[in-house]
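The values are calculated or read from the model by the stated rules, or taken from the named source; none is laboratory data. The structure presented is a predicted model; accordingly, all values stated were derived computationally and were not measured. A quick note on method: Cβ atoms are made from the backbone with ideal geometry, for glycine too, and the neighbour counts reach across all protein chains shown. Note: accessible area is taken over every heavy atom of the protein model, side chains too, but ligands, DNA and RNA are not part of it. Shrake-Rupley method; radii C 1.70, N 1.55, O 1.52, S 1.80 Å.
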Amino acid sequence: MSTDAGTRPATTATTTPGRIGDSPLRPDGTLKVTGEFAYASDLWHDDMVWGVTLRSPHPHARIRGIDITEALTVPGVTAVLTADDVPGENAFGLEHADQPVLAVEFVRYEGEPVALVAADHPETARRAAARIRVEYEVLPAVTDPRHAMDDDAPAVHRPGNLVRHLQLRRGDQSVTAPVVVSLDVEVGMQDQAFLGPESGLAVPAEDGGVDLYVATQWLHVDQRQMCLALGMPPEKVRLHLAGVGGAFGGREDLSVHVHASLLALRTGKPVKMSYSREESFFGHVHRHPAWLTYEFGAERDGTLVYARARVLLDGGAYASSTAAVVGNAGTLGLGPYRIPNVAVDAYGVFTNNPPCGAMRGFGCVQAAFAHEALMDELADAVGLDPVTVRQRNGMREGDRNITGQLIDSAAPVAELLQIVADLPLPPQRDADADLRALPGSVGNTTHGEGVVRGVGYAVTYKNIGFSEGFDDYSTARVRLEMTGGEAVATVHTAAAEVGQGLITVEQQICRTELGVERVVVHPKNTAVGSGGSTSASRQTYVTGGAVQAACVAVRDVVLARAAASLGREVSQLRLDGEKIVGASGEVLTGLAEVLGEDAVEETREYRHRPTHAIDPETGQGDAHVQFAFSAHRAVVDVDVELGLVKVVALDTAQDVGKAINPDAVVGQIHGGSAQGMGLALMEEIVVTDGHVRNPSFTDYLIPTILDMPPMQVKVLEYADPHAPYGVRGVGEPPTISSGPAVAAAVRAACGRPLRRVPIRPEHITGT
C-alpha cells in the first residue's frame with residue numbers, strides 16, 4: 001500500500017468555532033470545490049487488481065450453463081467467479097435476503113450480476129468478461145406492474161408477485177359527500193443521480209478476513225449482508241467509509257461490496273471495483289414508479305369528508321425496501337390534511353424491471369403528486385383558491401392523522417402556506433426579455449409569443465426516522481483528553497457522511513456539550529456500534545442524540561473527578577471549556593489538572609421513542625416517531641405551443657424544529673427542491689419491456705444550475721419536545737412538496753390536467 005491515506009479517509013478535525021445554531025464551514029467543503037477530496041473512486045493500492053461484473057442482457061431468463069474457459073485464458077486475469085464460488089449463502093437483501101450475489105438459475109432483470117472477473121487492468125477484466133459464455137433460455141417477463149398480480153402473469157418469485165399490500169380503513173366507509181373529485185396519476189422512475197458512481201476497494205487481511213473501503217449509507221447493515229454471503233463472522237468483515245459523493249437512497253443496497261471481497265479473498269490481492277455511469281444505472285435501485293387513483297369527497301365549503309386511494313408501486317425484481325416504501329405511501333399518502341373517513345390500499349409488486357428501493361422522500365413523493373393535484377381540483381370545484389382550500393383542511397397540533405396517530409408537536413400547515421403565498425412574486429416578464437429568461441433558453445426556440453405564466457402551490461409532510469416498530473438507534477463514542485496542552489474531543493460514530501454535513505453536526509454538538517473548541521471526527525467504520533442508515537432524515541436526530549448522550553456522560557465523569565479532588569458536590573460544578581467553574585462562575589481548577597495524562601471515554605446508544613406496527617386489517621397505529629412539514633410555491637413560464645417550461649421561482653417554507661447549522665439546512669432545502677423539480681419536468685429512467693433505454697447522463701436529464709431558479713427560503717423552528725435540541729429532519733420534505741408545486745404551476749399555465757410526471761412537451765401541447 002502506497003500510503004495509509006490511500007484507502008482510509010483522513011481524520012477530520014477543526015478548530016473553527018461553531019456550536020449549535022452556528023454555521024461553521026464544512027471541513028470537507030474546500031477540498032470538494034477544489035477537486036482535492038478523495039472519493040471512493042480515488043481509492044488505490046500499489047498491488048491491486050481490478051474487478052468487473054458480467055451482467056445479464058435479459059429481463060428474465062433461465063441460465064442453462066456458464067463457460068468461463070475463454071475468460072481464464074486472457075493474459076492478466078487472476079480470477080473468474082460464478083455462483084458456485086460464493087462461500088456462504090448466495091443471498092443478500094436490505095430487508096429480505098432474496099437477491100443472489102451471482103445469479104445461479106434465473107436472471108430476473110436486465111443487469112443482474114452473473115459472473116466476476118479480476119485482472120491486472122480494468123480493460124483486461126472487461127475483455128475477459130466479454131469472453132464468458134452464458135447460455136440463456138429467455139422467459140416471459142412481467143414488465144407492466146398493473147398486470148403483475150393477474151392470475152396469468154409470469155411469476156418473478158414464488159408464490160406470487162405481491163411484495164406488500166397495506167390496507168388502511170378509518171371512519172365510515174359508506175359516507176358520501178356533495179362534492180366529489182377524482183383523478184389518476186402516473187409517476188415515472190427517477191434515479192438518485194448521485195455524484196461518484198459505486199466504487200470500493202477490498203483488501204484481504206492476515207487473519208483471513210477482509211477490509212472493505214466503500215461508499216455507502218449504512219456500514220453495519222452492509223456488514224451483516226456481507227457476512228451472510230462470505231460465510232464469515234463480523235470481526236473478520238470490517239467496513240470503512242470511503243468518500244461519498246451523495247447517496248439519496250441509492251447506496252442503501254449493496255453494490256460492489258460482496259463482489260470485490262470475493263475477488264480479494266480468492267486472489268489474495270486488493271481488488272478495486274468502480275462502475276461506469278452506465279453500469280451504475282443498472283447497479284443500484286431507483287425510485288419506484290407509481291400508478292395512483294384518488295378520490296376526495298368534501299362539503300360545499302371545501303371541508304374534506306372522505307378520501308379513497310389506491311397506490312401501486314413497481315418494486316422491480318427484488319424486495320429491497322419496497323415494503324417500507326409501501327408503508328410510507330399508504331400511511332402518509334393523503335398528505336397533511338384532516339380527513340375523518342379514509343380507505344387506502346397501497347401495493348408493491350415484483351416485476352422484471354430494474355429493482356426499486358429507497359430514494360429521498362420514500363413513497364411520499366409519488367403520493368404527493370396525486371393528493372396535491374386533487375386538492376387543486378377540489379379548490380376549483382368549490383370556488384376556493386388553492387391556498388385557502390389547503391389551509392381549511394390542514395393539520396394542526398393535536399389532530400390525528402389517517403392512521404389515528406396523534407400529532408403531538410407543531411404542525412404549521414396553514415402558516416407555511418401563508419408564508420409562501422405572501423412572499424414577493426417575481427416581476428412579470430419583460431417584452432424584450434433576454435433569451436436566457438425564456439423557456440428553451442438560448443436554444444432560440446421562442447421569443448415569448450406563446451409563453452404563459454402559471455403559479456402553483458403544494459404542502460406536504462414526511463415521517464422522520466424508521467417506522468412501524470423498527471428498532472431505530474445510533475451509537476456514539478466520545479473521548480476527551482489533553483493533547484499538547486489543548487483539550488481535544490474525539491467523536492466516533494458509524495453514521496455515514498454522504499454530503500449532508502453530519503461531520504459538522506457532530507462537531508457542533510461536542511463543542512456545545514463539552515465547551516472544547518478542538519473536535520476530531522474519527523473515520524467512520526464498523527469498529528464502533530451501528531449508526532443506522534443515513535436515510536429517513538434521521539441522522540441529526542438519532543446520531544445527534546447519541547453524540548449528545550455520550551458527551552453528557554463524559555462531562556459527568558469529568559465533573560465527578562473534579563468534585564472528588566475539590567471536595568465539592570457535582571451539582572456545584574460546571575465544565576466551561578478548559579476550566580472547571582463553580583456555581584457563581586469562579587474558576588476552581590483547570591481541565592488539564594483534572595484529566596492529567598488520562599482520557600475520559602464513554603459510549604452511548606440513543607433510541608427515539610418507540611414506534612409500533614400498524615394493525616394489518618385497519619392500518620391504524622402509531623407508526624411514526626416524528627413528522628416534518630414543508631410548503632412550496634412555484635412560478636413558471638410555459639410556452640404552450642412548444643411545450644417548454646422555465647421555472648422562474650421556487651419558494652419554500654419549512655419547519656425544521658431547530659436549525660443546528662442554518663446554512664446547511666438551507667443547502668438541504670435547495671438540493672431537495674432541485675430533485676423534486678427534476679422529477680416534475682425531466683427526470684425519468686425509460687424502461688421498455690424490461691430494458692433501460694437511457695442509462696447515461698446524456699439521455700437521463702437532471703436540473704443544472706441553469707435550470708434552477710432563485711429560491712426564497714423561510715425556515716421555522718418549532719421545537720419538537722421529544723427530539724434532541726428539538727430537531728426535525730430536514731432533507732426529505734423539500735423533495736416532496738417542490739415537484740407537485742411545479743406541476744401545479746404548469747397546469748395553471750397551460751390549462752391541461754397533466755396527470756403524468758415528468759411532464760413532457762407533448763403533454764402540454766396535446767400532440
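Inside region 271-306, can you point out the residues that are assigned to a loop (DSSP other than H, G, I, E, B) and either open to solvent by less than 10 Å² (accessible area, probe 1.4 Å) or within 27 Å of residue 675 (Cβ to Cβ) (or both)?
275, 276, 284, 285, 287, 288, 289, 302
Against the conditions (1) surrounded by fewer than 20 Cβ atoms within 10 Å (Cβ to Cβ); (2) part of a helix (DSSP H, G or I), where does residue 541 fall short? Just the number, please.
With respect to (1) surrounded by fewer than 20 Cβ atoms within 10 Å (Cβ to Cβ); (2) part of a helix (DSSP H, G or I), residue 541 is out only on (1).
With the requirement that a residue be of a type in the set (Gly, Ala, Ser) and either without any contact (Cβ under 8 Å) to a residue 40 or more places away in the chain or in contact with a helix residue (DSSP H, G or I) (Cβ under 7 Å, 6 or more places away or on another chain) (or both), what does region 486-509 give you?
487, 489, 494, 495, 496, 501
Please verify whether region 494-510 includes one or more residues that are open to solvent by less than 20 Å² (accessible area, probe 1.4 Å), assigned to a helix (DSSP H, G or I) and under 16 Å from residue 601 (Cβ atoms).
yes
Taking region 463-483 as the search range and keeping residues that are crowded, with 21+ Cβ neighbours inside 10 Å and of a type in the set (Ser, Thr, Tyr), which one is farthest from residue 521 (Cα to Cα)?
Filtering first and then ranking leaves 467.
So if I check each of 434, 380, 376, which one is over 26 Å from residue 717 (Cβ atoms), crowded, with 20+ Cβ neighbours inside 10 Å and of a type in the set (D, E, K, R)? So that I can check it myself, show each step before the final result.
Numbers: 434 fails: crowded, with 20+ Cβ neighbours inside 10 Å; 380 fails: crowded, with 20+ Cβ neighbours inside 10 Å.
So the residue among 434, 380, 376 that is over 26 Å from residue 717 (Cβ atoms), crowded, with 20+ Cβ neighbours inside 10 Å and of a type in the set (D, E, K, R) is 376.
Among the listed residues 82, 11, 16, 7, identify the single one that is polar (S, T, N, Q), closer than 26 Å to residue 284 by Cβ and either surrounded by fewer than 17 Cβ atoms within 10 Å (Cβ to Cβ) or at pLDDT below 95 (or both).
Sole residue among the options that is polar (S, T, N, Q), closer than 26 Å to residue 284 by Cβ and either surrounded by fewer than 17 Cβ atoms within 10 Å (Cβ to Cβ) or at pLDDT below 95 (or both): 7.
From the list 751, 739, which one is among the small types (Gly, Ala, Ser) and surrounded by fewer than 16 Cβ atoms within 10 Å (Cβ to Cβ)?
Selected residue: 751, the only one of 751, 739 that is among the small types (Gly, Ala, Ser) and surrounded by fewer than 16 Cβ atoms within 10 Å (Cβ to Cβ).
For region 107-125, which residues satisfy the criterion of being out of contact with any Ser or Thr (no Cβ under 9 Å at 6 or more places or on another chain) and surrounded by fewer than 18 Cβ atoms within 10 Å (Cβ to Cβ)?
121, 123
For the structure I just gave you, tell me whether residue 318 is part of a loop (DSSP other than H, G, I, E, B) and in contact with a strand residue (DSSP E or B) (Cβ under 9 Å, 6 or more places away or on another chain).
Numbers: part of a loop (DSSP other than H, G, I, E, B): yes; in contact with a strand residue (DSSP E or B) (Cβ under 9 Å, 6 or more places away or on another chain): yes.
Judged against the criteria, residue 318 is a match.
So, in region 74-112, of the ones that are of a type outside the set (A, V, I, L, M, F, W, C) and free of Cβ contacts under 8 Å to residues at least 40 places away in the same chain, which residue ends up nearest to residue 155 (Cα to Cα)?
100
Quick grid of which residues meet (1) closer than 26 Å to residue 422 by Cα; (2) in contact (Cβ under 8 Å) with a residue 40 or more places away in the chain; (3) in contact with a strand residue (DSSP E or B) (Cβ under 7 Å, 6 or more places away or on another chain):
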| position | (1), (2), (3) |
| --- | --- |
| 650 | yes, yes, yes |
| 657 | yes, yes, no |
| 663 | yes, yes, no |
| 681 | yes, yes, yes |
| 692 | no, yes, yes |
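Would you mind stating whether residue 157 is touching a Phe, Trp or Tyr at 6+ places or on another chain (Cβ under 7 Å), in a loop (DSSP other than H, G, I, E, B) and either in contact (Cβ under 8 Å) with a residue 12 or more places away in the chain or closer than 26 Å to residue 53 by Cβ (or both)?
Judged against the criteria, residue 157 is a match.
Of all residues in region 343-354, which are crowded, with 24+ Cβ neighbours inside 10 Å and not aromatic (Phe, Trp, Tyr)?
344, 346, 348, 349, 351, 352, 353, 354
Looking at (1) more than 21 Å from residue 86 (Cα to Cα); (2) more than 20 Å from the chain's Cα centre (by Cα); (3) among the β-branched types (Val, Ile, Thr); (4) open to solvent by less than 10 Å² (accessible area, probe 1.4 Å), which one does residue 237 not meet, given that it meets all the others?
(1)
So residue 589 passes all but one of these: (1) in a helix (DSSP H, G or I); (2) in contact with a strand residue (DSSP E or B) (Cβ under 6 Å, 6 or more places away or on another chain); (3) open to solvent by 10 Å² or more (accessible area, probe 1.4 Å). Which condition number does it fail?
Residue 589 satisfies every listed condition except (1).
Pick out the one residue from 658, 714 that is more than 29 Å from residue 286 (Cβ to Cβ) and not in a loop (DSSP other than H, G, I, E, B).
Only one candidate passes the filter, namely 714.
Just give me the residues in region 441-464 being more than 22 Å from residue 673 (Cβ to Cβ), among the small types (Gly, Ala, Ser) and not in a helix (DSSP H, G or I), in sequence order.
448, 450
Those residues that are touching a Leu at 6+ places or on another chain (Cβ under 7 Å), within 20 Å of residue 122 (Cβ to Cβ) and not in a strand (DSSP E or B), I need them from region 49-81; list them, please.
The answer is none; no residue qualifies.
Which residue out of 568, 555 is open to solvent by 30 Å² or more (accessible area, probe 1.4 Å) and either under 24 Å from residue 624 (Cα atoms) or touching a strand residue (DSSP E or B) at 6+ places or on another chain (Cβ under 6 Å) (or both)?
Going through 568, 555 in turn, the sole match is 555.
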